[in-house]
Amino acid sequence: YTLTSLFRIYGLITNKDINWFAFAVSLDFIVLGILLLTTYLKNCYKLKFSFDLAKQLFNKSKHYLFANIMVVIYSQIDKIILGNMISEEAVGCYSAATQLCNAWPFVLVAIIDSASPIIIELFNKDKELFNQKLKQLYASIFYIGVFVALIFTIFSDLIINIVFGVEYIDASVP
């Protein structure tokens, strides 16, 4: 990872195009794959393919695979429609805005994960306190969401300009 990161830094310094960086990401996976394969083979494991096992695994997971394919299509169809109806530039601005909006919810997950053990413990001990703490958790999540929405709405021009540059200013709230 250090070498491929240096490779990317070199690309930034020398102003390489997007294909350079796509190759750098691919190089990460190629190097990782070679290292994993080498480690696997060094430990005296023989690689063999079992058609029966593959069929069994596929049959057990085909519903999950189908669901995940549908999620990928569902999550990207808006960009395809936007590109066909307006322009590729609009897709870029839309993608920039959605990246920012999807970047912060890990804070909510951290809060919920931190509070969950306490709330679950209260469920068996004190139902009234359990309900109170659960309402407090929901309220804090709601108010944090409203606060972030206000920040994004009020300072969208500044945020977009800092994160993506003036080229993506159309992604901000008009």
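The values are calculated or read from the model by the stated rules, or taken from the named source; none is laboratory data. Computed from a predicted model, the values in this text were never measured in an experiment. Virtual Cβ from ideal backbone geometry, glycine too; neighbours counted across all protein chains shown. Accessible surface areas use protein heavy atoms only, side chains included; no ligands, DNA or RNA. Shrake-Rupley method; radii C 1.70, N 1.55, O 1.52, S 1.80 Å.
Each part reduced to its alpha carbon centroid, the range 96-153 and the range 10-46 end up 38 Å apart.
Just want the answer: with Cβ charges of +1 for Lys and Arg and -1 for Asp and Glu, which residue in ALA110, SER95, LEU129 is farthest toward the dipole's positive end in the range 94-174? Of the listed residues, the answer is LEU129. Calculated accessible area for the chain comes out at 81 Å² per residue, all protein chains present (probe 1.4 Å; ligands, DNA, RNA ignored).
Between ILE112, ILE154, ILE18, the GNM of the chain built on Cα springs shorter than 10 angstrom shows ILE18 fluctuating the most. The shape of the chain comes out oblate: with a ≥ b ≥ c from the C-alpha gyration tensor, a/c is at least 1.5 while a/b does not beat b/c. For the range 8-106, the list of trypsin sites (Lys or Arg not before Pro) that fall in a loop by DSSP and count at most 10 other C-beta atoms within 10 angstrom reads LYS46, LYS48. Run the accessible area of the chain with a 1.4 Å probe and give the carbon-and-sulfur part as a rounded percent. Of all accessible area on the chain, carbon and sulfur atoms account for 69 percent. Given a 1.4 Å probe and the protein chains as shown, ILE81 ends up with an accessible area of around 80 Å². Taking a ≥ b ≥ c as the square roots of the eigenvalues of the Cα gyration tensor, the range 35-97 is classed as oblate, since a/c reaches at least 1.5 and a/b does not exceed b/c. Protein-only accessible surface at a 1.4 angstrom probe places the residues TYR64, TYR40 in the order TYR64, TYR40, largest first.
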